[in-house]
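Structure first, commentary second.
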Number of protein chains: 2
Amino acid sequence: MSSLDPAIAARLKRNEAGLVPAVVQDATSRAVLMMGWMDDEALHRTLTTGRSTFWSRSREEYWVKGETSGHTQHVREVRLDCDGDTLLLVVDQVGAACHTGATTCFDEDRLA
Amino acid sequence: MSSLDPAIAARLKRNEAGLVPAVVQDATSRAVLMMGWMDDEALHRTLTTGRSTFWSRSREEYWVKGETSGHTQHVREVRLDCDGDTLLLVVDQVGAACHTGATTCFDEDRLA
């Protein structure tokens, strides 16, 4: 059970694994930094702590962005889309958003 | 079978349904407009036509954004993230991006 506000939980449309994708955008540069996945508890923690918190599908655990790297995301806004199945976080990013050291996770592989 | 370039197909990490989420960003305002889902063929069509093309999970068919509304997306850039499991499209959006008439799909429901 998550402590997520029931009024918010009722609006979320989760995938088969109970997760919602969360797009993260830099508040200043407006760059799209990364995408992560949240379950209700990760969203609850994000909303209450003001730090982006995701569910790691590979490690099967919660992770606070920047917990080990120091590259924290201070959350300014959290928005839910018209279908209730995608979140948008607008953040102040400390340091590089990508674990590779790149500014964003989309910097290095341009297909077109 | 899709006609997607095998060099690109080899880099994609798809979910259980063979899909990759595609975040769409406005090239001018830098707003995050929406998120859609693509399989290999939708990505192939997007890359070759320059119009955002998605796979509709509910209707189980391809859809070209703006095909009925006229609110087309002219694709300037397509990027793949560091994990190969998320796409970013940078587009010139004609009209409103959201089917509700809102500028973006994230305009109307702010959680924080």
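Every number in this text was worked out from the coordinates using simple rules, so none of it is lab data. Keep in mind that what you see is a predicted model, and the values were worked out from it rather than measured. Backbone-built Cβ (ideal geometry, glycine too); neighbour counts: all protein chains shown.
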How far apart, in nm, are the 7 Å Cα→Cβ label points at A:D92 and B:M1? 5.5
If we hang a label 7 Å off Cα along the beta carbon direction at A:T28, how far is it from the matching labels on the other copies, in nm, shortest first? 2.7
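Net charge near A:G18, counting Lys/Arg +1 and Asp/Glu -1 over other residues with Cβ under 13 Å of its Cβ?
Values: positive: A:K13, A:R14, A:R57; negative: A:E16, A:D39, A:D40, A:E41, A:E60, A:D85.
With Lys, Arg at +1 and Asp, Glu at -1, the neighbours total -3.
Using only the alpha carbon atoms of the protein assembly as shown, find the Kirkwood hydrodynamic radius as the inverse mean reciprocal pair distance, in angstroms to one decimal.
Numbers: mean 1/r = 0.0567 Å⁻¹.
About 17.6 Å, per the Kirkwood formula over Cα pairs.
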Using the Karplus equation 6.51 cos²θ - 1.76 cosθ + 1.60 (θ = phi - 60°), what ³J(HN,Hα) coupling, rounded to whole Hz, does each residue of the range B:51-63 give in order, writing x for Gly and Pro? 10, 4, 10, 10, 9, 8, 6, 7, 8, 6, 8, 6, 9
Under a plain spin-label model, where a point goes 7 Å from the Cα along Cα-to-Cβ, how far apart in nm are B:R57 and A:Y62? 2.4
Which chain B residue puts its Cβ closest to the axis that rotates B onto A, and at what distance in whole Å? B:R30, 2
Report, by chain and number, residues whose modeled amide H sits under 5 Å from the one on B:Y62, excluding near sequence neighbours (fewer than 5 apart, same chain). B:S56
Along principal axes, Cα extents of chain B, largest first, whole Å: 37, 32, 28
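What average count of beta carbons from other chains do you get within 10 Å of the Cβ of residues in B:31-42? Could you put the intermediate results ahead of the total?
On the way: counts 3, 11, 1, 6, 9, 1, 1, 0, 0, 0, 0, 0.
Average per residue, whole number: 3.
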Per-copy distances of the B:T103 label point, shortest first, in nm (7 angstrom along Cα→Cβ): 2.2
Taking A:S56 in one copy and the same position in all the others, each labelled 7 Å out along Cα→Cβ, what are the pairwise distances from the first, in nm, shortest first? 3.9
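Obtain the radius of gyration and the Kirkwood radius of the range A:17-76 from its C-alpha atoms and give Rg over Rh.
0.95
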Size of charge dipole - chain A - debye, nearest 20, with Cβ of Lys, Arg +1 and Asp, Glu -1, no other charges: 160
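What average number of partner chain Cβ atoms lie no more than 10 Å from the Cβ of the residues making up A:72-83? List each step's numbers first, then the result.
On the way: counts 0, 0, 0, 1, 1, 4, 5, 10, 6, 12, 12, 6.
Mean partner shielding for this stretch: 5.
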Distant-in-sequence amide H partners of B:W37 (H built 1.01 Å from N, under 5 Å): B:A22, B:W55
Per-residue counts of other Cβ atoms within 10 Å, averaged by peptide: what ranking do you get for B:65-78, B:17-30, A:40-53, highest first? A:40-53, B:17-30, B:65-78
Could you give the nm distance between label points at A:T48 and A:D83, where each point is 7 Å from its Cα heading toward the beta carbon? 3.0
Computed over chain A: longest principal axis from alpha-carbon atoms vs helix A:40-49 long axis, angle to nearest 10 degrees, is 70
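Report, in deg cm²/dmol and to the nearest 500, the calculated mean residue ellipticity at 222 nm for the protein assembly as shown, where each DSSP H run with n ≥ 4 adds -39500 (n - 2.57) and the sum is divided by the residue count. Can you show the working numbers first?
On the way: 4 runs with 28 residues, N = 224.
Mean residue ellipticity, 222 nm, calculated: -3000 deg cm²/dmol.
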